[in-house]
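Engineer: Sending over a structure as structure tokens; questions will come in a sec.
The values are calculated or read from the model by the stated rules, or taken from the named source; none is laboratory data. Because the structure is predicted, anything quoted here is derived from the model rather than measured. All Cβ positions, even for glycine, are placed from backbone atoms using ideal geometry, and neighbour counts span all protein chains on display.
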Amino acid sequence: LRNFGGRIRLVLVTGAPIAPSILRFTRAVFSCPVLEGYGCTETCGPVSASVAGDLNGSHVGAPWPHAEIKLTDVPDMGLVAARDNRGEICVRSTSCISGYYKNPEMTAKLKDKDGWLHTGDEGCLKVVDRCKNIFKLAQGEYIAPEKLELVYQQSALISQIFVDGDAHSTFPVALVVPEVEPLFKALSNHSPKSPHETIVIAQNKPSLEDICADPRAKKLVMADLKSLSEAANFMGFEKVKNIKLIAEPFSIDNSMLTPTQKVARPAVRKRYAEELINLYQEHIAV
């Protein structure tokens, strides 16, 4: 707080969802309103935001005066807006872009004939996730991966996490980029239980690749994820059942992150296709 000169009067959170617990903590630390807004690149900024007196922390507020917002059905997901109070968020506003430059095909997908911009986000203006990110498991349950990642990201052992699911499986799996220092410290405090699960933690710190290959590191991270999922009251089908520790962080340079610092899901899924398949097979074989 001192680094900001003690003069903070308002904080606006946009770009990604924020957990209610973190929202409450931030409000307490800065002693000022912390508002959560919603918008996207194509709306040229926020189209809704919570208000200073609203301490709920589970939604992104009401539409701003310049914006109209509605929910539409998502047939592929079996969502009927009038019945479920959930659907794809559509926006009509003077701030919305007129279209993509010299790309009429993409523009036609973005905006309908009545001028509604289809954001691709699913919510009720409690934003759940991107429609294209949500996946269906074998028994019919839908998973919103960013919701799970937001909780799992609270682990001190995790730097980045990518949760994925498959229509032929009954559980999600994850790729995890670990936090080196906390995980190394945790490993140092856990002596190997057998010669078969060991790397020697010598005076010289092992490389991140060595840590990722250590079975004990995987067990420590899995245990932390389990605790977080239980604390967040995840349903059984929402709990990650297997993980792969990877040494290469997701970044814009390796195309694993978008320019807005979000995980580029198709790129990660393509890059680690074999590893993801193995995660499902390993769990089923256990």
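Engineer: What tally of residues in the stretch 145-174 results from selecting those that are modelled with pLDDT of 85 or more, of a type in the set (A, V, I, L, M, F, W, C) and touching a strand residue (DSSP E or B) at 6+ places or on another chain (Cβ under 7 Å)?
Structural biologist: Here the count works out to 8.
Engineer: Of everything in the stretch 155-178 that's under 20 Å from LEU208 (Cα atoms) and surrounded by fewer than 18 Cβ atoms within 10 Å (Cβ to Cβ), which residue is nearest to the chain's Cα centre (by Cα)? Step through it out loud before you land on a result.
Structural biologist: Residues of the stretch 155-178 that are under 20 Å from LEU208 (Cα atoms), as a first pass: 155-162, 174-178.
Checking which are surrounded by fewer than 18 Cβ atoms within 10 Å (Cβ to Cβ) leaves us with 156, 159.
Working: ALA156: 16, SER159: 13 Å.
Within the stretch 155-178, the match that is nearest to the chain's Cα centre (by Cα) is SER159.
Engineer: If you don't mind, there's one more thing I want to ask. For the stretch 257-286, give me each residue that is crowded, with 18+ Cβ neighbours inside 10 Å and farther than 19 Å from VAL221 by Cβ.
Structural biologist: Looking only at the stretch 257-286, we keep the residues that are crowded, with 18+ Cβ neighbours inside 10 Å, and these are 257, 263-265, 268, 271-272, 276, 279-280.
LEU257, ALA264, ARG265, ARG271, listed by residue number.
Engineer: Tally time: how many residues in the stretch 71-83 are in contact (Cβ under 8 Å) with a residue 12 or more places away in the chain, under 19 Å from TRP116 (Cα atoms) and surrounded by fewer than 19 Cβ atoms within 10 Å (Cβ to Cβ)?
Structural biologist: 3
Engineer: What is the number of the single condition among (1) touching a Lys or Arg at 6+ places or on another chain (Cβ under 9 Å); (2) surrounded by fewer than 14 Cβ atoms within 10 Å (Cβ to Cβ); (3) not in a strand (DSSP E or B) that GLU68 does not meet?
Structural biologist: Failed condition: (3).
Engineer: I need every pair where a residue in the stretch 204-229 that is more than 20 Å from LEU279 (Cα to Cα) and in the same structural domain as ALA247 (by TED's automatic domain parsing) has its Cβ under 7 Å from the Cβ of a residue that is buried (at least 18 other Cβ atoms within 10 Å of the Cβ) and of a type in the set (Gly, Ala, Ser), sequence separation at least 6 or different chains.
Structural biologist: LEU228/SER155
Engineer: Could you please find all residues in the stretch 1-57 being at pLDDT below 80, among the charged types (D, E, K, R) and surrounded by fewer than 11 Cβ atoms within 10 Å (Cβ to Cβ)?
Structural biologist: ARG2
Engineer: Just a yes or no: is a residue in the stretch 199-221 assigned to a loop (DSSP other than H, G, I, E, B) and modelled with pLDDT of 90 or more? Outline the logic, then answer.
Structural biologist: Quick first cut of the stretch 199-221, residues assigned to a loop (DSSP other than H, G, I, E, B) only: 199-207, 214.
Pick out the ones that are also modelled with pLDDT of 90 or more and you get 214.
Yes: the stretch 199-221 contains one or more residues that are assigned to a loop (DSSP other than H, G, I, E, B) and modelled with pLDDT of 90 or more.
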